[in-house]
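Some notes on the structure that comes next.
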Amino acid sequence: MSTPAFAAALVPALVWIPLSLGALSFVLGRAASPWLVLPGLLATAGVVPALLPLAAPGGIAAYHLGGWMPPLGIAWRLDGLSAIMLAITAIVSAGVGIFASSMMNRMDRQSEWFWPLLLLLIAGLNALFLTRDLFNAYVTLEIVSLAAVALVTITGTSAPIVAGMRYLLAALAGSLSYLLAVALLYARYGTLDFDLLATVMQDDPIGMLALALATAGLFIKSALFPLHVWLPPAHGSAPAPVSAMLSALVVKAGFYLLLRLWFEVFAALDSLAAARVLIGLCGAGAVVWGSMLALCQQRLKPLLAYSTVAQLGYLLLLFPLAEVVSAWQGTLILVCAHGTAKAAMFLAAGIILRAYGHDRIIAIGGAARGVPLTTFALGLAGVSLIGLPPSGGFAAKWLLLVAAFESGRWWWSFVPLGGGLLAAGYVFIILARAFEAPSADTGDFAQVPRVAELAALALALVSFMLGFAGNAVAIGLDSAIAEMTRS
Amino acid sequence: MSNDALPPLLILLSSLLPGLIIFFLPEKSVRLRTALNLCGALFKVAVVIVVLQGVYAGLEYSASVPFLPGNDLVLRIDSLALLFVTLSAGLWLVMTVYAVSYLEDSPNRSRFFGFYSLCVSATVGIAMAGDLLTLFVFYELLTIATYPLVVHNGTPEARRAGTVYLAFTIGGGVLLLAGTVWVQTLAVSTNFLEVAGVLEGLGQEHETALRLIFALMVGGFGVKAAVVPLHQWLPRAMVAPAPVSALLHAVAVVKAGAFGIIRVVYDVYGVELSHALGLSDALAVLATATILYGSFQALRQDDLKLRLAYSTVSQVSYILLGIALYSPLASIGGLSHLVHQGLMKITLFLCAGNLGQTLGIHKVSEMNGAGARMPWTMAAFSVAALGMIGLPPFAGFISKWYLGSGAVQSGAGWALVVLLISSLLNAAYFLPILSRVWFRKQTGPWPEEKSFGRFETKAGLLFPPVTTAIATVAVGLFAGTPVSPLSWIRDVVAVEYRL
Amino acid sequence: MTTAAWLLPAVLLPAVLGLGLFWPRLRGGIVRVLPFSSWPLLAAAVLAFGSPPTDLPWLMLGVRVGVDPPALMLIAAGTLIWTVAGLYIVRHFQAPWFLGAALATQAGSLGALVTFDPIGFYFFFSLMTVASYGLVVAGRSRRSHDAGRLYLGLALVGEMLILAGFLIGSTAPEARSLTAALLVAGFGAKLGLPAFHIALPVAYRAAPYVGGALLSSVLVNAAIFGVLRFLPPDGGGPGASGAMALIILGLLMAFGGAMLGIVQRDARALLGYSTASQMGIALSAIGIGAGHAGGIAATAPAVALFAAHHGLVKAALFLGLGALPLRQDWRLGFLLVLSLSLAAAPLTGGALAKLWVESAADHLPAHWAGAVHWLLPLTSTATALLMVRFLGLVMRLPATRMEPGGRVADLLGLGLAAVVLPWAAFTLAGGNQQLTVLTPAHLWLGVWPLLLALLIALPSRLGMKAAAPPPPPASPGLPVAELARRPALGSARRHQWATGVTASADLLSMALLHMIVTEGKMRSFPRFGVLFLGLAAACGAALLL
């Protein structure tokens, strides 16, 4: 396909393409947007497969911004973990882009702002997944947060604006906390490069304080329990494609950075065990709390939002189980499976909202007949969310369970097991209604573009088929994990 | 991919692919849908016949699909698997013919047949699963594929039934998942054929773990096998259309549960180990309680399908009892009941469906004199009911004979008593039906009579139950021949007991 | 193979005819051949007689068929009975379900006689049991259905006991006593063993006359044949305890049945108890054989002859009671002759059968032999008394209650056969060479019990007394069926369950409510801030400590 050198040169393209296209679409305005943006989006997505071989063991591609080496310059690097995050970003954003282009009325206000913001968000995410520098990570994280907040409020109606403002304030608190941590580390060690920091890191109070501050900040950014409260209103009221992006990708960004911090920068320290258990407990709490509240929701989108809170909890189980390889595999498959599944479900919710004019769960009877493809997508994604085989969600859960048993800390297995039950509860609350005979009062039924339905279905299918991608993820992760499980 | 890998995949795909295609067919393309269904079913039967000959000649078939890191999906056909595969393939063919006629002119048929085919695919998958993970995967797939069938009618009642079904099956799935993972970490390999009993050879220190795992797995499979008190979804699921009931009771769901327990006892633990740990005794007690409870409940039902449902609860535990008694004869009985109960119960449900479709009869008390109006349907029903009671020469007798012999052989006289009491109870709830049907006068006009030309009902509704009834007679009458299920099962058991 | 080749099609012929009834077009032809459908079996049995039994391993779990002397006797009697009953049935009943039931009963009752293995026997026997339900409920009234339920319920209990006996017998041959007890109890359900006897009067009265005739002849014969064939040798040898128990049981039934019969007011119920009484004699005869050096096989032909004779007489009595279009006095005469034969009056077939049975008792230990030699003739006295009562009841029976469709010639033939056939069979079977039944001593042996009966009957005017004590109350029905009809069991307890469930649901919803409220509270920024700082602090603490 290409020489490694050429491929390595493509790495920054992941950021430059969306960034420049975003700027361009902002300039060109609403008329050209989808037709310009969509190919660009797909092109960005197309770059990822070309890069994947680089992430294979031994093929780590580094890129130094402006040619400056750390500690002076900023390094970007593509390893297995990054590659997986980039791949899932590409897939979800492609799906969301196709969906949005078919669903949005090109002439309304949403459209004018949507595309530039979306591209900015993607650029920020891609940069975040590549960077090896703590401050650079802060910057990208801010880009992502700000773009996300703007996207939430894009419709200009009151509920999203209130939710968006809360999101903004919470995110700012998180950012500042993280920034403080960065400052502390820089003052103590004089460098912010991941690898350099990892080698010089000492087991002292300053470092610990920095880690605690950064973790708490990233907890807010990722809406990790108990700092999740901004998420449900924001994700529940934003337009469907925005919710999809936020739930699938944005919240994972903070989590990704947590991984880098705990398992690379601070990996060498021995005193993290108790804190890891604490984080694991937060994860367990998230699963229970989020699922229970999801069960209480009466509308589809808030339900999905709380489901995100719950699913993020699984990710935190990695912390107490990190020395087992399968925990890593499981967690990353879950990142992908949940990302695609949740994006598909939010898109499906958008379709149902469009078709029925509301998303009250109790009154979506007969959706299986009205929008069959969408219902199918909901079902497939739901199966993955519950973790029923052979979906991606199952593969993830299986690996987490294996990790729990192999590490001897079998009690962590209760979290995925019980969480699956609760997830089944809220997923089938939706599906049961969908299979009902249509009620009499579902009179006005609007047609939905077939492409939008297919986009949701495609994402759901990806999530479902991810169960068979376990080996690929495992291979991709080998190099990264080998480094990270040393601790 | 070698030739040996092809048959298992073909068996799986012969229903999976038509199912997936059917989902996307428009509601109106009845012919194409029916053709797809029938071709799939016929093709599956054909492949099964080829495989039967192959296995008989000593060939081994296995295929594996890459799945999780370190755990492929393994499909393999051993003789136990083939038994279940043959049963489901054969019955699927019959059921397809029936379902096509039954659902003529009803809404959502594409969805129905899509899931119907998925359901069968999951079942053969369970049968052919070569290790625990694969078994679990298909077991859960079955849960998903069945749910839409249970709620197919779309009524609030159906939705509630579906919810109960899910609550039980998903809960069971979680238990099973925990057990499966645990086994995975203890055992060297969970491949059923590589090691006779996956957990055999573990030392004393694992005894508690082994007991807990057994409880988890029996809990998980027991939900589908409708073991008391996990049976409660089954009677409620009777709101589904008759072909679904037949599928639940005879071909797929409860059988999958029972088959899972068979795998646990034989291939995960091995007969010796489960006996030594006293696990099979616990299972026997559970099965006994279920047998009696189901029969007593069946006595109280006036609704025909409910009566049949509780009968299933009771009868499926015959299989478990046979497995649990430490005796080759009992095992033969239990395994043969897997086949025999399937044949008989499917007949009963199809006949019940015929009564509903043709005469509008849903209750036992409405059946007076139905034998004169629908002699063939009721003859098939009678054959199956008598078989259920365990009268010769029908299939049920063969199972009961072996179960009883096994009970005596293992010194479990109480099991024999339970069997016989249960037979009496079976008689007490089946024979009054037969008496009403054949020997009582019709008491009034039928609730909702329809007339279908030449036969007593639609031909597509009539022939399937008659076929299975004939099969019920044949497998009992010719049980001694080398081609009978019984002979096959004898070989299976000889392997499991290392005779 | 030849044996099986002859027997199998012949045995299955009635069943095939029964299936043929499903095609309305064939019904006419089937009705025409129905009475004679048992003849091929008789022919096949005669042809197969003497050749060794054949194994049919492919049939069910392996079946062995053949014909031995007891079987041939019972087949011959059965063929006769079925022919006469069949001629009656096709004139009197047209409903296909009844014809089907009769054909299936026929197939079962005769088929059981040619099997040598438990499975084949059990098949035919249970076919007979289930199908005979149709004969009981032929009246289609509420009463007949109740009777049918009781009859079938008890019959099935018996069936289960038999199955248990067979299972234990084939799997654990060493448990002989248990097997024997189970088999006797199981077959006893047909023979009117105590406790099972409650079904006899109920069923016989509810059934049409022909039904009663068949129940009390071919069905009980199949049962007695089952005991003969499958009772395991009880440790062998004279004086074995099992054999003695069987003798005592049989005699109890013989006298008890007669006593219960005498107090009946319905002639058919009386005949039912008479059957129980006669079968008691047969059982004690089997007991004699079991305690005999030669084992059961030694008395088997004698018991079979006794049973065959009883069947012929009983069938003729039932049909003569209800379906003999003759003048009352002629009819009484016919019934009297049959009654005499049943009571083993000299020169009748009954006497021959009984003498043959009795002769075996010589080989018992002395004190047992003495008791048997006294008690067996006394059973004839009991029978005679019972038949006197029977004839008395018949005299008061108005002739108008006769069922149409009976034919004099058939019945007379049957009666004649009952009296004469045992002699032929005895001669053919070679009999017991020492048994010379025509000596005066033997004649006296047959006469004194009857004289004793006369002595008792005349003063008490047993037969003539109008009022007799009421019959024992029949059981209301099968206990489990009652259970089934009861309304929901313990609704109060269920209610408790329900409250338990609601309570936990309430608890859950309360918890959820609290969670929702808390979630709302957490949204306020001060609280959020506290949480945030708390988490950071906790994290830091965890890291530092």
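The values are calculated or read from the model by the stated rules, or taken from the named source; none is laboratory data. From a predicted model like this one, the values you see are computed outputs, not experimental measurements. All Cβ positions, even for glycine, are placed from backbone atoms using ideal geometry, and neighbour counts span all protein chains on display.
Does B:GLY203 satisfy being modelled with pLDDT under 85, under 17 Å from B:SER274 (Cβ atoms) and more than 22 Å from the chain's Cα centre (by Cα)? Judged against the criteria, B:GLY203 is a match. State whether the residues of the range C:355-373 include one that is closer than 17 Å to C:LEU271 by Cβ and either in a helix (DSSP H, G or I) or touching a Pro at 6+ places or on another chain (Cβ under 7 Å) (or both). No, that holds for no residue. Scanning the range A:276-320 for residues that are more than 30 Å from A:ALA434 (Cα to Cα), free of Cβ contacts under 8 Å to residues at least 60 places away in the same chain, of a type outside the set (Val, Ile, Thr) and facing chain C (nearest Cβ under 9 Å) yields a total of 2. Looking only at the range C:180-192, residues that are farther than 20 Å from B:SER435 by Cβ and either surrounded by fewer than 24 Cβ atoms within 10 Å (Cβ to Cβ) or among the small types (Gly, Ala, Ser) (or both) come to 7 in all.
For the range B:81-110, residues that are within 14 Å of chain A (Cβ to nearest Cβ) and surrounded by 22 or more Cβ atoms within 10 Å (Cβ to Cβ) total 1.
Candidates C:ALA147, C:ALA164: the one that is at pLDDT 90 or above and either within 19 Å of C:LEU200 (Cβ to Cβ) or crowded, with 24+ Cβ neighbours inside 10 Å (or both) is C:ALA164. Counting only residues that are touching a residue at least 12 places away in the same chain (Cβ under 8 Å), of a type in the set (Phe, Trp, Tyr) and more than 10 Å from chain B (Cβ to nearest Cβ), the range A:375-427 holds 2 of them. Considering only residues that are without any contact (Cβ under 8 Å) to a residue 60 or more places away in the chain and either polar (S, T, N, Q) or more than 12 Å from B:LEU6 (Cα to Cα) (or both), which ones fall in the range B:49-64? B:ILE49, B:LEU52, B:GLN53, B:GLY54, B:VAL55, B:TYR56, B:ALA57, B:GLY58, B:LEU59 - these are the residues of the range B:49-64 that are without any contact (Cβ under 8 Å) to a residue 60 or more places away in the chain and either polar (S, T, N, Q) or more than 12 Å from B:LEU6 (Cα to Cα) (or both).
Of the residues B:THR481, B:THR467, B:THR472, B:THR443, which is crowded, with 22+ Cβ neighbours inside 10 Å and hydroxyl-bearing (Ser, Thr, Tyr)? Among B:THR481, B:THR467, B:THR472, B:THR443, only B:THR472 is crowded, with 22+ Cβ neighbours inside 10 Å and hydroxyl-bearing (Ser, Thr, Tyr).
Please tell me if C:LEU260 is in a helix (DSSP H, G or I) and either at pLDDT 85 or above or of a type in the set (Asp, Glu) (or both).
When the stated conditions are applied, C:LEU260 does not pass them.
Only one entry in C:LEU7, C:LEU47, C:LEU42, C:LEU19 is in contact with a strand residue (DSSP E or B) (Cβ under 6 Å, 6 or more places away or on another chain) and surrounded by 13 or more Cβ atoms within 10 Å (Cβ to Cβ), namely C:LEU7.
Yes/no per residue for (1) among the hydroxyl-bearing types (Ser, Thr, Tyr); (2) at pLDDT 95 or above; (3) more than 30 Å from A:VAL448 (Cα to Cα); (4) in contact with a Phe, Trp or Tyr (Cβ under 8 Å, 6 or more places away or on another chain):
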residue	(1), (2), (3), (4)
A:THR191	yes, no, yes, no
A:GLN202	no, no, yes, no
A:ILE220	no, no, yes, yes
A:TRP230	no, no, yes, yes
A:ALA238	no, no, no, no
A:SER247	yes, no, no, yes
A:GLY254	no, no, yes, yes
A:PHE263	no, no, yes, no
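I need the full set of residues from the range B:128-156 which are more than 8 Å from every other protein chain (Cβ to nearest Cβ) and either aliphatic (A, V, I, L, M) or not in a helix (DSSP H, G or I) (or both), in order please. The answer is B:MET128, B:ALA129, B:GLY130, B:ASP131, B:LEU132, B:LEU135, B:LEU142, B:ALA145, B:LEU149, B:VAL150.
Just checking, which of B:LYS400, B:LYS345 is within 13 Å of another protein chain (Cβ to nearest Cβ) and surrounded by 24 or more Cβ atoms within 10 Å (Cβ to Cβ)?
Selected residue: B:LYS400, the only one of B:LYS400, B:LYS345 that is within 13 Å of another protein chain (Cβ to nearest Cβ) and surrounded by 24 or more Cβ atoms within 10 Å (Cβ to Cβ).
When the test is whether a residue is under 22 Å from B:ALA372 (Cβ atoms), assigned to a helix (DSSP H, G or I), modelled with pLDDT of 90 or more and within 14 Å of chain C (Cβ to nearest Cβ), B:VAL466 passes it. Screening the range B:43-80 for residues that are within 14 Å of chain A (Cβ to nearest Cβ) and of a type in the set (Val, Ile, Thr) and picking the one that is nearest to B:THR123 (Cα to Cα) gives B:VAL74. For the range C:111-140, filtering for residues that are more than 18 Å from C:GLY165 (Cα to Cα), surrounded by 24 or more Cβ atoms within 10 Å (Cβ to Cβ) and more than 10 Å from every other protein chain (Cβ to nearest Cβ) leaves 6.
Report yes if some residue within the range C:201-224 is surrounded by 24 or more Cβ atoms within 10 Å (Cβ to Cβ), part of a helix (DSSP H, G or I), modelled with pLDDT of 90 or more and within 14 Å of chain B (Cβ to nearest Cβ); otherwise report no. Scanning the range C:201-224 turns up at least one residue that is surrounded by 24 or more Cβ atoms within 10 Å (Cβ to Cβ), part of a helix (DSSP H, G or I), modelled with pLDDT of 90 or more and within 14 Å of chain B (Cβ to nearest Cβ). Filtered by the rule that a residue be assigned to a loop (DSSP other than H, G, I, E, B) and either within 12 Å of chain C (Cβ to nearest Cβ) or polar (S, T, N, Q) (or both), the range B:428-454 gives B:ARG440, B:LYS441, B:GLN442, B:THR443, B:SER451. Among the residues making up the range B:414-427, those that are farther than 15 Å from B:ALA324 by Cβ and at the interface with chain C (Cβ under 9 Å from one of its Cβ atoms) are B:VAL417, B:LEU420, B:ILE421, B:SER423, B:LEU424, B:LEU425, B:ALA427. Is it the case that B:LEU16 is out of contact with any Phe, Trp or Tyr (no Cβ under 9 Å at 6 or more places or on another chain), surrounded by 17 or more Cβ atoms within 10 Å (Cβ to Cβ) and under 24 Å from B:SER64 (Cβ atoms)? For B:LEU16, the condition - out of contact with any Phe, Trp or Tyr (no Cβ under 9 Å at 6 or more places or on another chain), surrounded by 17 or more Cβ atoms within 10 Å (Cβ to Cβ) and under 24 Å from B:SER64 (Cβ atoms) - is met. With a requirement of 2 or more residues that are touching a Leu at 6+ places or on another chain (Cβ under 6 Å), the helices (runs of 4 or more DSSP H) lying completely within the range A:363-473 that satisfy it span A:372-386, A:392-406, A:414-435, A:450-465. Listed by first and then second residue, the pairs with beta-carbon distance under 6 Å, at least 6 apart or on different chains, first residue in the range C:189-205 and within 19 Å of C:LEU317 (Cβ to Cβ), second at pLDDT 85 or above and among the charged types (D, E, K, R), are C:TYR204/C:ARG268; C:ARG205/C:ARG268. Among the residues of the range C:53-85, those that are buried (at least 20 other Cβ atoms within 10 Å of the Cβ), within 14 Å of chain B (Cβ to nearest Cβ) and not in a strand (DSSP E or B) comprise C:LEU59, C:MET60, C:LEU61.
Filtering the range B:168-193 to residues that are more than 8 Å from chain A (Cβ to nearest Cβ), part of a helix (DSSP H, G or I) and over 17 Å from B:ILE213 (Cβ atoms) leaves B:PHE168, B:THR169.
Residue by residue, here is whether (1) part of a helix (DSSP H, G or I); (2) without any contact (Cβ under 8 Å) to a residue 60 or more places away in the chain holds:
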{"site": "A:VAL162", "(1), (2)": "yes, no"}
{"site": "A:MET165", "(1), (2)": "yes, yes"}
{"site": "A:ALA170", "(1), (2)": "yes, no"}
{"site": "A:ALA173", "(1), (2)": "yes, yes"}
{"site": "A:LEU176", "(1), (2)": "yes, yes"}
{"site": "A:ALA181", "(1), (2)": "yes, yes"}
{"site": "A:TYR186", "(1), (2)": "yes, yes"}
{"site": "A:THR191", "(1), (2)": "no, no"}
{"site": "A:LEU196", "(1), (2)": "yes, no"}
